[in-house]
Amino acid sequence: MKAFNERDIRAIKIGVVGLAAIGLYFLAGPWLSEWQKLRVEIAAGKERLDRVAVDGEGTLPAEQLKLMSAVPKVEMPADEKKQGTQFRDAFTGQLQKAGIRARSLQYLAAKKIAGAGYRTLRLQGRGRCELPQMLNLLGSLNENPYFVGVEELDMKPDARNRNELEFSITVSTFAK
């Protein structure tokens, strides 16, 4: 085998450097462009957070007001009698706001939650309404600060008037 002369060694070195440059271009190029995109997204996220932050004067930007309206309001449970009255009044107001006349509202037996120290108060309402009214009620339930959840919802269409529903809804709250 013949030894490589100076010119051959230089050509091999240039070839290896060229192959390395081509490899870096095809391997590191996509990684670098993805990294740049992520940096731009992070900067946009930081800017969005800065716009939502409360300024020192106590005024809230529109984005923060939208965020606060999406979070449900919650009141800490009070004693059973007080919590039950407040919950019933708030739920009755929501029924009226939705245009629903409930025939009856009655409390069901309270259930004790094991290990929590709270009881679950359940309020059952029965009546007649139209489907859009029921949907308005269900959509506005999270505005009730005493509301925990819908335990049961039973809707049946009226035999004579298919637009009206006969409903029974059981909602719950926590009490001490």
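Here are a few things to note about the model shown:
- Between the stretch 143-176 and the stretch 9-31, the alpha-carbon center distance in angstrom: 70
- Extension gain for the segment VAL150 to ASP89, taken as residue separation times 0.36 nm less the Cα-Cα distance, is 20.3 nm to one decimal.
- Table column - 3J(HN,Hα) (Hz), the stretch 163-176, Karplus curve with 6.51, -1.76, 1.60, x for Gly and Pro: 7, 9, 10, 9, 10, 9, 10, 10, 10, 9, 8, 9, 9, 6
- If you plug the beta carbon distance of ASP8 and LYS37 into 1/(1 + (r/R0)^6) with R0 = 41 Å, you get a FRET efficiency near 0.40.
- For the stretch 80-175, the Cβ-based charge dipole about the Cα centre amounts to some 300 debye (Lys, Arg positive; Asp, Glu negative; other atoms uncharged).
- Protection proxy ranking of 95-108, 14-27, 139-152, by the mean of other Cβ atoms within 10 Å over each peptide's residues and highest first, is 139-152, 95-108, 14-27.
- If R0 is taken as 30 Å, the Cβ-Cβ distance between ALA159 and TYR107 corresponds to a FRET efficiency of 0.50.
- Greater than 21 Å apart at Cα, pairs in LYS81/LYS176; LYS111/LYS176; LYS82/LYS156; LYS82/LYS112: LYS82/LYS156
- In the stretch 80-175, taking the dipole from charged Cβ atoms about the Cα centre, the farthest positive-side position among ASN161, LEU141, TYR107 is held by TYR107.
- Full extension of the chain between LEU19 and LYS81 yields a length gain of 14.2 nm, computed as 0.36 nm times the residue separation minus the alpha carbon distance.
Values in this text are rule-based calculations from the coordinates and carry no lab data. What you see is a predicted model, and the numbers here were worked out from it, not measured in a lab. With ideal geometry, Cβ positions are generated from the backbone for all residues, glycine too; neighbour counts draw on all protein chains shown.
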